[in-house]
Amino acid sequence: MTMLATDFKKQVLELKKSRNAVILAHNYQVPEVQDVADFIGDSLALSRNAATTKADLIVFCGVHFMAETASIICPDKKVLIPDLDAGCSLASAINAKELLAWKEEHPDAVVVSYVNTTAEVKALSDYCCTSANAVKVVSSIPTDRKVLFLPDMFLGAYVAEVTKRKNMYVWPGECHVHAGIKAEDINKMLATFKNADFLVHPECSCTSSTMYHMAKGDLAKTGYVLSTEGMMRHARSSEAKQFVVATETGILYRMQKENPGKEFVPVKEDAVCKYMKKISLEKVYNSLAYNVYEVRVPKNVADRARLAIDRMLAIS
Ligand code: 13P
Ligand code: SF4
């Protein structure tokens, strides 16, 4: 007999209790997964939550590097991801061998890796960062030290612009979803939504043109470059009634649910991460019921990667 969505929901909630499990979900997850989550957030908030949870089991509804990060932070807990194919095009933009070669070219540099990287890459890094704290992390490094920033070139360019750092080398990686949100998409929206706040994720290829509009005056008081959780906070606190949102569209469900009187418009309707959408309610049920799929990081890699993550958590 096939189970209905409502049955899956009921079973998930029961299993969660009986197994002392916590469900962590990224802001891009599908609505029915967000609805069973104990906590929804951006990469930084999810890492912080994993670090403090009292649960024995973490079901991570996000992509693989996020579940790996939780496993690195909580080596004594079981971490499950409901679908192993939930990858990330950005995390695939650099591997450990490529980073080692890059480090050899700049042996005296400090390596700052975005959280969207594999555990092996984090293990070769001095600092980890997320979109919420990248500026803070890079600013904490003495200005005379060379920085290798990876793997997102748009976030890297944004951090270099804000910190005015000249000795920062940026890896030419990108997220296929955010790279597709272009300057012309923002310009089109600017012409139509004159009274809206513009919320832009720093992985977008339109980030530098957004910064230009902010500096020039078109978006002086209404343009914001933010992590997904930063966008959620801004949506709550701003007096604006309309928001143009430049990131993966999964975030709109939570934005609208938490702010029923406000209107949220995606800059690009098809900015959809197929990896985030791999996780369904049925797969969350399978995960809890059959312990699939456990994410484990070898101890020698996890111990080194943890140093980079802990340095980040101490700063932010
Ligand atoms: P946030 O940390 O801002 O949620 O970003 C994660 C991510 O994968 C963006 O594509
Ligand atoms: Fe990775 Fe981009 Fe998907 Fe975020 S939206 S998980 S960066 S592929």
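The values are calculated or read from the model by the stated rules, or taken from the named source; none is laboratory data. From a predicted model like this one, the values you see are computed outputs, not experimental measurements. No Cβ is skipped: glycine too gets one built from the backbone with ideal geometry, and neighbour counts run over all protein chains shown.
Observations on the structure shown:
- Search result, residues across the stretch 15-29 that are away from ligand 2 (no atom under 15 Å from the Cβ) and either touching a residue at least 40 places away in the same chain (Cβ under 8 Å) or touching a helix residue (DSSP H, G or I) at 6+ places or on another chain (Cβ under 6 Å) (or both): Leu15, Lys16, Arg19, Ala21, Ile23
- Residues satisfying the stated conditions in the stretch 51-70, i.e. of a type in the set (Val, Ile, Thr) and without any contact (Cβ under 8 Å) to a residue 60 or more places away in the chain: Thr52, Thr53, Ile58
- Residues within the stretch 155-169 that are out of contact with any strand residue (DSSP E or B) (no Cβ under 9 Å at 6 or more places or on another chain) and within 11 Å of Ser208 (Cα to Cα), tallied: 1
- Any chance Ser131 is touching a Pro at 6+ places or on another chain (Cβ under 6 Å) and either closer than 21 Å to Phe243 by Cβ or not hydrophobic (A, V, I, L, M, F, W, C) (or both): yes
- Output for the stretch 178-199, where each listed residue is part of a loop (DSSP other than H, G, I, E, B) and not β-branched (Val, Ile, Thr): Gly180, Lys182, Phe193, Lys194, Asn195, Ala196
- Cβ-Cβ under 6 Å pairs, at least 6 apart or on other chains, the stretch 201-222 side touching a residue at least 40 places away in the same chain (Cβ under 8 Å), far side among the hydroxyl-bearing types (Ser, Thr, Tyr) and within 16 Å of ligand 1 (Cβ to nearest atom): His201/Thr247; Pro202/Ser131; Pro202/Tyr158; Thr207/Tyr158
- Tally of residues being touching a Leu at 6+ places or on another chain (Cβ under 7 Å), of a type outside the set (A, V, I, L, M) and surrounded by fewer than 16 Cβ atoms within 10 Å (Cβ to Cβ) across the stretch 280-315: 2
- Any hit, the stretch 269-278, residues being over 29 Å from Asp85 (Cβ atoms) and away from ligand 1 (no atom under 16 Å from the Cβ): no
- Selection status of Asp126, within 12 Å of ligand 1 (Cβ to nearest atom), in contact with a strand residue (DSSP E or B) (Cβ under 6 Å, 6 or more places away or on another chain) and charged (D, E, K, R): no
- Scope the stretch 45-67; condition within 11 Å of the chain's Cα centre (by Cα) and away from ligand 2 (no atom under 13 Å from the Cβ); matching residues: Ala45, Ser47
- Test: residue in the stretch 57-68 that is of a type outside the set (Ser, Thr, Tyr) and farther than 25 Å from Arg254 by Cβ: no
- Val170 being more than 15 Å from the chain's Cα centre (by Cα) and not hydroxyl-bearing (Ser, Thr, Tyr): yes
- Scan of the stretch 186-222 for residues that are within 17 Å of Ala271 (Cα to Cα) and more than 16 Å from ligand 2 (Cβ to nearest atom), ordered by number: Ile186, Asn187, Lys188, Met189, Phe198
- Taking every residue in the stretch 290-316 that is at pLDDT 95 or above and pairing it with any residue that is of a type in the set (D, E, K, R) and assigned to a helix (DSSP H, G or I), at least 6 positions away or on another chain, the pairs with Cβ-Cβ distances below 7 Å are Val295/Glu68; Val297/Glu68; Val301/Glu120; Ala305/Lys122; Ala308/Lys122; Ile309/Lys122.
- Residue satisfying condition, being farther than 14 Å from Arg296 by Cα and surrounded by 15 or more Cβ atoms within 10 Å (Cβ to Cβ), within set Ala93, Ala67: Ala93
- Any pair with Cβ under 8 angstrom, 6 or more apart, that starts in the stretch 153-182 at a residue that is within 19 Å of Tyr224 (Cα to Cα) and in contact (Cβ under 8 Å) with a residue 12 or more places away in the chain and ends at one that is part of a helix (DSSP H, G or I) and near ligand 2 (Cβ under 10 Å from one of its atoms): Phe154/His178; Phe154/Ala179
- Boolean, Phe65 is touching a Leu at 6+ places or on another chain (Cβ under 7 Å) and modelled with pLDDT of 95 or more: no
- Boolean, Tyr224 is crowded, with 16+ Cβ neighbours inside 10 Å, under 28 Å from Phe39 (Cα atoms) and aromatic (Phe, Trp, Tyr): yes
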